[in-house]
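Structure first, commentary second.
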Amino acid sequence: MLRRVAGAVAAPLRRSLCTAASRSRPPWALTYRMAPLGQGARPSLDLHEPPCVSQLSVPAHLADGMDLAAVSIQAASCDGLLLLDFAGTLRGGRDYGDSLPAVAAFAAAYEPGVRRFVCNPLSGQLFRLPLPSMDAEKTTMPFGLLTQSDGSHGPPDRFVVAQLCLRERDGQRVVRRFLSETGEWDEPPLFVPAEAPGWRAMPLHEVVAFGDRLWWLDPYFGVFSVDPFSDRPEHGFVALPRPLPNFDMEVQPELYRLLGVSEGKLRYVELTIKEPFMLYSFSLDDEGSSWKLTHETRMNLVLPDKSTPRLDQMPWISAIDPFNANILYFQHGEIISALDLAEGERIGRSAFPDNIKSLYHGFVPLILPAWLPRAGTLPSKTTNCTSKTLADMLVRVDKDRRN
């Protein structure tokens, strides 16, 4: 099933590149986190070369039976698959009111009005996840998506959708996960060192897939991680190189602190919000225990009238180029800019598409490996979930629509 999701590509792929795409490496897309509803039969990716913004649209029929306000991309795997959340209320259910877009952007825990899909954005093919258990929780982190392959290259053989969770009924820290090889949710206990810090509700950040782990950034003080495939998942934590335990709670640190992957390393970038404006970039060492400073740059942030920007006029860190750690992407209002730290200059600039009206939900870097468009439909596993073909899965989605 997963190889079919990863491999097949529909005939029409809308591709409108702002600049000529590089042929020397797999392309990637600066994908807007929120996805509008459309009338197509499958999801469709309007793909552009960064710094131009790419956007996924999803079929409206997938939200049938929901009073829906938002669809969000919760996470991306390192090989081009997306985790989508449809957040709303099932008719007759609880009303989220004006807070629904924020609920869609987080969607960290099970909600009666949330539907989740794993999506191949090029082919538009989907696998709908069953609902997780109804167990209540005290604290959760957003869901992430991680894949595994039996070979060194090519399509993945399995995936897991997982979050860290503090279960309310017994106070146990667990990994709530869906494994494609079993087709079921489970909650194995998380083995946590005594010195590990506690969790709290986190600001919006993409869950990063890197190596054999998922990584969650708490922009105040550190990064949590876990191997969600493990039968005995262990809690990992590495403190930020510049923690902010007393950070002003009115400031949104997620706008100025970013976790990402580039050139095969986990990267952390931060921009100070007071003069002198400093940009720091770090990479995690091979042991996953400490950070190495890779860039320290003073930013000359000046408005057109030569004044110093206020906090609400500061640019936001949007993404790290997955293939060049020197290149960062910033959002300032409706403008996306690419900055080369090595050269100290802007190398690209683009405006938001006219159809994107809300500019505050951020981006998900989407890597599109060279094999993704042309991989074959290989045999699937003979387990509860993957014994079904992708066609079976799509039929199930269509049946949901008709019902």
Inset, instruction - Could you figure out which of (1) at pLDDT 50 or above; (2) under 24 Å from residue 73 (Cβ atoms); (3) part of a loop (DSSP other than H, G, I, E, B); (4) of a type outside the set (D, E, K, R) isn't true of residue 337? - result: (3)
Inset, instruction - Select from the stretch 133-155 the residues that are crowded, with 22+ Cβ neighbours inside 10 Å and assigned to a loop (DSSP other than H, G, I, E, B) and write down the one among them that is modelled with the highest pLDDT. - result: 143
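Does the stretch 160-186 hold any residues that are surrounded by fewer than 17 Cβ atoms within 10 Å (Cβ to Cβ) and not polar (S, T, N, Q), and which are they? So that I can check it myself, show each step before the final result.
Within the stretch 160-186, the first condition is being surrounded by fewer than 17 Cβ atoms within 10 Å (Cβ to Cβ), and the residues that meet it are 168-172, 182, 184, 186.
Matches in the stretch 160-186: 168, 169, 170, 171, 184, 186.
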Legend entry - Scan of the stretch 298-334 for residues that are open to solvent by less than 40 Å² (accessible area, probe 1.4 Å) and part of a strand (DSSP E or B), ordered by number: 317, 318, 319, 320, 327, 328, 329, 330, 331
Inset, instruction - Mind listing just one residue for me: the one in the stretch 167-224 that is under 23 Å from residue 149 (Cβ atoms) and among the small types (Gly, Ala, Ser) and, of those, nearest to the chain's Cα centre (by Cα)? - result: 209
Legend entry - Residue in the stretch 254-271 that is polar (S, T, N, Q), on the phi < 0 side of the Ramachandran plot and open to solvent by 20 Å² or more (accessible area, probe 1.4 Å) present: no
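Can you report the number of residues in the stretch 54-69 which are under 18 Å from the mean Cα position of the chain (by Cα) and open to solvent by 10 Å² or more (accessible area, probe 1.4 Å)? Before you say what the answer is, go through the steps one by one.
Here is the first cut: in the stretch 54-69, the residues under 18 Å from the mean Cα position of the chain (by Cα) are 54-58.
With open to solvent by 10 Å² or more (accessible area, probe 1.4 Å) added as a condition, the list becomes 55, 57.
Count: 2.
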Legend entry - Those residues of the stretch 47-66 which are touching a residue at least 40 places away in the same chain (Cβ under 8 Å) and among the acidic types (Asp, Glu), in sequence order: 64
Inset, instruction - Identify, from the list 280, 220, the residue that is aromatic (Phe, Trp, Tyr), surrounded by fewer than 20 Cβ atoms within 10 Å (Cβ to Cβ) and assigned to a loop (DSSP other than H, G, I, E, B). - result: 220
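The values are calculated or read from the model by the stated rules, or taken from the named source; none is laboratory data. Please read all numbers here as calculations on a predicted model, not as lab measurements. Here Cβ is always computed from backbone atoms with ideal geometry, including for glycine, and neighbour counts include all displayed protein chains. Remember, those area values only see protein heavy atoms, side chains included, never the ligands or the DNA or RNA. Shrake-Rupley method; radii C 1.70, N 1.55, O 1.52, S 1.80 Å.
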